[in-house]
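Student: The structure under discussion is supplied below as structure tokens; questions concerning it will follow.
The values are calculated or read from the model by the stated rules, or taken from the named source; none is laboratory data. This one's a predicted model, so the numbers in the text were calculated from it and none came from an experiment. All Cβ positions, even for glycine, are placed from backbone atoms using ideal geometry, and neighbour counts span all protein chains on display. Remember, those area values only see protein heavy atoms, side chains included, never the ligands or the DNA or RNA. Shrake-Rupley method; radii C 1.70, N 1.55, O 1.52, S 1.80 Å.
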Amino acid sequence: GWDPMIPTHRTTADSWPKRDIYADNLEVGRAISIGSVSVSADEIIRFASIWDPLYLHVNGDRAQESYFGGLIASGLHTLAMFQRLAVDAVYVRWAVIAGKGLNKVRCDTPVRPGDVLTGSLVIDSVRPDGRGRADVVARGEFVNQHGQHVLELEVESVVLTTPVAGQDDSVPGGELLC
């Protein structure tokens with residue numbers, strides 16, 4: 001069965017492709033599909049049992065009495081699924097130094113067992129800092145099989161720009177990075 005503590009994803013530490021997409025290669029306004037994921041009751045319960053054990057995420061019977069009328073995924077679980085798809089589809093190839101922020105995170109519609117979530121990213125801005133890197137802001141979303149938005153967020157990343165001969169692309173002090 002699925003275990004949130006054991007990665008079962010496509011990208012592994014040994015299978016990372018070359019990071020060949022730099023900040024200055026990113027096109028503002030471009031929409032990028034990150035794929036889809038199906039959500040099961042077992043996955044909802046197992047993730048929440050470890051990371052967000054509210055009754056409406058871990059107990060199907062008690063969840064029937066909740067405002068939502070049944071089991072729903074944790075917002076943290078929804079965000080983690082989005083990140084997994086984004087890494088496999090996009091970030092694995094970008095020359096990412098680190099994540100800088102998650103902003104405007106909204107869980108608009110509950111995620112229920114059996115839902116199929118489809119994600120996308122739109123690049124909103126690329127701001128070079130003159131030190132061989134840029135702040136990249138992308139807007140992300142997950143929609144369910146009914147076309148309802150279940151997650152919206154803004155992701156800020158620090159991404160290397162195309163290397164210039166003799167340029168040091170190390171991260172001085174790692175300031176403001178998580």
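Student: When you look at Ser40, is it more than 16 Å from the chain's Cα centre (by Cα), modelled with pLDDT under 95, open to solvent by 30 Å² or more (accessible area, probe 1.4 Å) and of a type in the set (Ser, Thr, Tyr), yes or no?
Tutor: So Ser40 does not fit the description; no.
Student: Of all residues in region 109-121, which are open to solvent by 30 Å² or more (accessible area, probe 1.4 Å) and not hydroxyl-bearing (Ser, Thr, Tyr)?
Tutor: Matches in region 109-121: Pro110, Arg112, Pro113, Gly114, Val116.
Student: Under the condition of being surrounded by fewer than 18 Cβ atoms within 10 Å (Cβ to Cβ) and of a type in the set (Val, Ile, Thr), which residue from region 88-108 is nearest to Ser36 (Cα to Cα)?
Tutor: Top of the filtered list is Val92.
Student: Then there is this: Being of a type in the set (Lys, Arg) and either in contact with a strand residue (DSSP E or B) (Cβ under 8 Å, 6 or more places away or on another chain) or assigned to a strand (DSSP E or B) (or both) is the filter; apply it to region 128-142 and report the residue that is modelled with the highest pLDDT.
Tutor: Restricting to residues being of a type in the set (Lys, Arg) and either in contact with a strand residue (DSSP E or B) (Cβ under 8 Å, 6 or more places away or on another chain) or assigned to a strand (DSSP E or B) (or both), the top hit is Arg139.
Student: Any idea how many residues of region 52-87 are over 29 Å from Glu27 (Cα atoms) and crowded, with 18+ Cβ neighbours inside 10 Å?
Tutor: Number satisfying all stated conditions: 9.
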